[in-house]
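First comes the structure, then the notes that go with it.
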Amino acid sequence: MLSRLPALLAEAQGSPVAYRELLHQAHDDLQVRFFAEEPVEGLVHARAALIDAVLRELWQTQLGGAGNAWALIAVGGYGRAELHPASDVDLLVLVPARVEPAGRSRIEKLVAFLWDIGLEVGHSVRTIAECVQESAPDVGVMTTLLEARFLAGDPQLFEAMRSALAPEHVWPVREFFEAKLREQSERHAKANDTAYNLEPNVKTGPGGLRDIQTIAWVAKRHFGASTLDELATQDFLTPAELRRLKQAQAFLWKVRFGLHIIAGRHEDRLLFDHQIKLARTFGYEDASYTLAVEQFMQRYYRTVMDVSLLNELLLQLFREAILTQNEPPRPLNARFQVRNGSLETTSEDVFVRTPSALLEMFAILQQNPQINGVRASTMRSVARNLWLIDEEFRQNPRHHRLFLEVLRASAGVTHELRRMNNYGVLGRYIPAFGRIVGRMQYDLFHAYTVDAHTLFVVSNLRRLALPRYNHELPELSRIMQQLPKPEVVYLAALFHDIAKGRGGDHSDLGAVDAAAFCLEQGLSRYDARLVAWLVANHLSLSITAQKQDIGDPEVITAFARHVGDETHLDYLYVLTCADVRGTNPRLWNSWKASLFHEFYERVKRALRRGLESPIDQDELVRETQEAARQVLLQSGVSAEDIERTWTGFSAPYFLRHTAVEVAWHTRLLAERDVRTDEPLVALEPRSIRGTTGVLIFGRLRGHGFARITAVLDQLGLTIVDARITPTGEGFSLNIYHVLEDDGAPITDDDRQREIERALSRSLQSPDDAPYAVSRRAPRQARMFHTPTRIGLSVDERNQRTVLELIAGDRPGLLSDVGKVLLQERIALHAAKIMTVGERAEDVFFVTDAENRPLEEAAAGRLRDRLTEALDRRRTA
């Protein structure tokens with residue numbers, strides 16, 4: 001179409017409709033060529049060339065002779081002659097002096113015309129002096145002008161601006177480089193310093209296009225380089241590195257170009273629905289154990305990982321060229337030395353002569369924290385010699401000692417493991433780890449790729465091991481720092497998800513890999529078995545605490561038998577907490593911390609008591625009552641009021657609540673006016689469980705659970721636990737534990753009053769008063785379709801039925817469950833609420849109206865009714 005452009009522009013004759021149609025046809029043409037798999041580089045430059053031609057034509061026709069005294073300049077990405085389908089067109093109108101009103105009016109009309117024909121234009125009108133003045137305090141403005149490209153008007157004015165903005169006048173190279181480094185660091189920090197987020201930004205995320213542009217900006221400012229190819233001619237890039245960088249840029253351009261087409265607007269985030277469409281567009285297909293979207297995203301993550309490595313390498317070279325005066329090397333040993341603050345090999349063939357140096361390098365960096373990093377020449381040498389890490393290398397006892405030395409170091413463990421991963425060493429030394437590099441899991445639960453998550457888990461464990469972080473999680477830190485061999489739990493962390501994507505149970509498969517690796521590394525059989533056991537059971541503590549009734553002594557005793565001793569329990573506890581904290585920043589909260597700690601303490605007590613002497617239920621009830629009674633008496637509640645209140649409470653109530661909770665409930669009920677039937681609603685802003693406790697006491701109503709959860713859900717609260725205790729005479733005590741959407745308890749007084757009023761209003765309404773949740777599910781959750789699965793089993797010992805529900809999480813889910821229970825005349829006693837990304841995995845403890853487990857026919861009806869109701873709402 002570009003070849004016909006002059007004729008098409010002539011035909012347009014200044015008509016905005018004609019220009020708009022021309023741009024529309026050009027956009028369609030580029031889209032057809034994109035789906036025909038033409039190289040994206042040509043498409044990006046073709047769109048820029050199209051806009052160039054349109055702007056030059058309009059500059060002449062709209063401004064006439066006035067345009068000859070000014071200069072029209074492309075800046076920003078358009079200045080690089082790179083335009084994606086929905087990229088902004090950034091322009092600078094450079095003028096020799098302040099523009100008179102008539103001239104400014106002409107410019108405004110031109111810009112309005114550009115918007116009318118469908119171009120999203122960002123523009124400024126400045127003199128050269130104003131350009132210098134605006135750029136001097138702002139490196140962003142300087143960077144935009146650095147990419148300026150002449151389009152039309154007076155070329156001498158453009159050259160004068162370039163001269164005025166030269167490094168000798170504004171932003172010297174050294175200051176510019178340091179500012180761009182800070183800018184990049186701040187940008188990476190916003191993405192949690194990882195490129196492996198669920199919905200990464202292809203432009204600004206770590207390893208994205210902005211990191212390539214940062215390289216280009218510094219090169220242009222320092223060397224005057226206008227293309228990446230010139231970095232190779234300046235010997236900053238090898239031909240192979242240049243090829244990798246250009247391939248990465250082309251892939252990221254292809255992703256961004258496709259994003260703009262699919263979204264129909266400017267969009268740089270790889271949102272879930274866009275990921276699926278792009279995977280299909282690029283020809284990926286579902287395989288046995290990996291979805292097409294997971295394959296596509298693994299390619300994306302490995303690409304940005306490569307960009308990050310090349311970015312680090314080039315910026316290190318630039319740092320030496322720009323900031324550092326060359327110093328003589330300081331030897332560390334026969335293989336390594338420090339030059340200009342960075343580590344390098346003493347000769348180019350060190351790794352070939354001594355392959356163990358490929359691991360020794362990371363140990364040396366740990367031992368010398370003052371070293372800034374690795375010199376680019378050594379990074380290149382590592383990449384060239386990764387082939388040396390073969391099976392013979394992996395079986396070498398010296399290499400085993402070096403790897404364990406890295407794990408056992410007093411500092412730098414996480415940092416160097418990440419460096420090992422970035423340089424490709426970790427994936428070569430542990431081949432199974434190499435297969436999970438960049439591997440995503442297409443759900444909302446796992447916020448990072450498997451390898452990034454794994455290293456976050458190690459990082460969390462390291463923070464627990466270092467006393468300077470004791471203030472963050474004091475109890476966990478104390479346990480971690482008392483472990484006899486911390487490297488055991490680091491190894492378990494490295495292997496706990498290593499079998500993801502293979503099919504089968506990743507815990508069991510990973511345990512086999514872990515045992516074999518640990519024995520190869522020379523660990524004792526006991527330690528190898530312990531690591532393997534931790535890998536096989538890394539989910540057990542979390543699942544048991546969140547899905548089973550940990551107030552039941554039998555549950556505690558069974559888990560204590562499974563664990564066997566306190567050493568296994570301690571290792572498993574710290575691994576579990578580190579794993580959950582490293583899965584998703586929103587997943588760990590005060591409720592989970594409290595729940596896991598309570599479970600850990602109960603199991604530890606059972607182990608100390610001895611497995612041959614299981615915990616006695618009556619003893620636990622007496623202990624809780626005695627402790628609660630002491631608190632109540634000290635606060636002025638009489639013994640008579642205590643006994644009167646407790647008359648309606650059964651043993652399970654005292655097993656499932658702490659003494660502090662029992663005291664709170666009792667005090668409120670003792671103060672209540674027994675002559676009223678109005679429901680009592682009270683909040684405990686910061687409960688002992690790290691939540692806000694919601695107490696509701698009143699007449700037992702069948703729709704209570706459905707109505708209460710609807711109110712809490714509509715208010716945007718997250719319900720994590722519900723316990724319902726009938727107290728006799730037609731009353732019940734309902735305790736809910738809730739959190740705000742960000743995982744925090746409710747501490748704002750106005751917010752607490754809002755919740756209390758909403759609950760009281762709903763509970764005092766007639767039985768037939770409608771109640772519903774109108775909030776929509778979040779955008780991300782709507783991308784997933786989780787089939788409803790229901791399991792029903794009988795808990796003979798406690799004479800109840802356990803209902804396990806897996807369904808797509810959404811507002812109103814619990815209320816819908818409550819409505820079905822009401823219709824089927826089923827009594828709810830407790831609910832364990834667990835959200836796993838886009839899925840709800842909830843457990844309900846229920847009985848029939850006679851307080852017995854459900855008969856088989858009733859259970860079948862319940863399963864059918866729940867499935868029908870939840871699936872109907874999901875598709876509505």
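The values are calculated or read from the model by the stated rules, or taken from the named source; none is laboratory data. These numbers were taken from a predicted model, which means no experiment stands behind them. Quick reminder, even Gly has a Cβ in these numbers, built from the backbone with ideal geometry, and neighbours come from all protein chains shown. Each accessible area value is taken on the protein alone, full model and side chains, heavy atoms only, with ligands, DNA and RNA left out. Shrake-Rupley method; radii C 1.70, N 1.55, O 1.52, S 1.80 Å.
Couple of notes before you dig in:
- Solvent-accessible surface ranking, highest first, for W59, W70 at 1.4 angstrom: W70, W59
- Averaging the sequence gap over all C-alpha pairs within less than 8 Å and six or more residues apart, then dividing by the number of residues, gives region 1-157 a relative contact order of 29 percent.
- Accessible area per residue was computed with a 1.4 Å probe on protein heavy atoms; W588 scores about 50 Å².
- Proximal aspartates and glutamates to K500, defined as alpha-carbon separation beneath 17 angstrom and excluding residues fewer than eight positions away on the same chain: D286, E294, D443, D451, D508, D513, D579
- Averaging Cα coordinates gives a centre for region 27-80 and one for region 615-654; these two points are 79 Å apart.
- By accessible area with a 1.4 Å probe, ligands and nucleic acids excluded, highest first: order of I212, I261: I261, I212
- Each of (i) 37.0; (ii) 42.3; (iii) 44.2 is a candidate for mean projected area of the Cα convex hull in nm²; the one calculated from this structure is (iii).
- Relative contact order %, region 36-119, counting alpha carbon pairs below 8 Å whose residues are six or more apart: 31
- Taking the protein heavy atoms of region 309-365 in the context of the full set of protein chains, the accessible area attributed to carbon and sulfur is 49 percent at 1.4 Å.
- Measuring with a 1.4 angstrom probe and ignoring ligands and nucleic acids, E612 comes out at about 150 Å² accessible.
- Gap separating the Cα centres of region 110-124 and region 87-102, nearest whole Å: 12
- Two-site FRET efficiency, R644 against R753, from Cβ-Cβ distance with R₀ of 35 Å, rounded to 0.05: 0.70
- Secondary-structure-derived ellipticity at 222 nm for the chain, considering helices only, amounts to -17500 deg cm²/dmol, per-run term -39500 (n - 2.57) for DSSP H runs with n ≥ 4.
- Region 274-319 and region 409-427: distance between their alpha carbon centers, rounded to Å: 21
- Taking every C-alpha pair closer than 8 Å and separated by at least 6 residues, the mean separation divided by the residue count of region 122-195 gives a relative contact order of 33 percent.
- A simple spin-label model places the labels of E619 and R104 8.7 nm from each other, with each point 7 Å out along Cα-to-Cβ.
- Measuring between alpha carbons in the structure, the pairs from K547/K819; K109/K254; K277/K592; K109/K180; K190/K277 lying more than 25 angstrom apart are K109/K254; K277/K592; K109/K180; K190/K277.
- Residue-level accessible surface for M379, protein heavy atoms, 1.4 Å, Å²: 10
- Neighbour-limited loop hits for GluC sites (Glu not before Pro), region 20-129 (at most 11 other Cβ within 10 Å; DSSP other than H, G, I, E, B): E37
- Label-point separation in nm, E626 to L539, each point 7 Å along Cα→Cβ: 4.1
- For the chain, accessible area per residue (1.4 Å probe, heavy atoms of protein chains only), Å²: 43
- In this structure, D864 and E199 have a Cβ-Cβ separation that, at R0 = 41 Å, corresponds to a calculated FRET efficiency of about 0.65.
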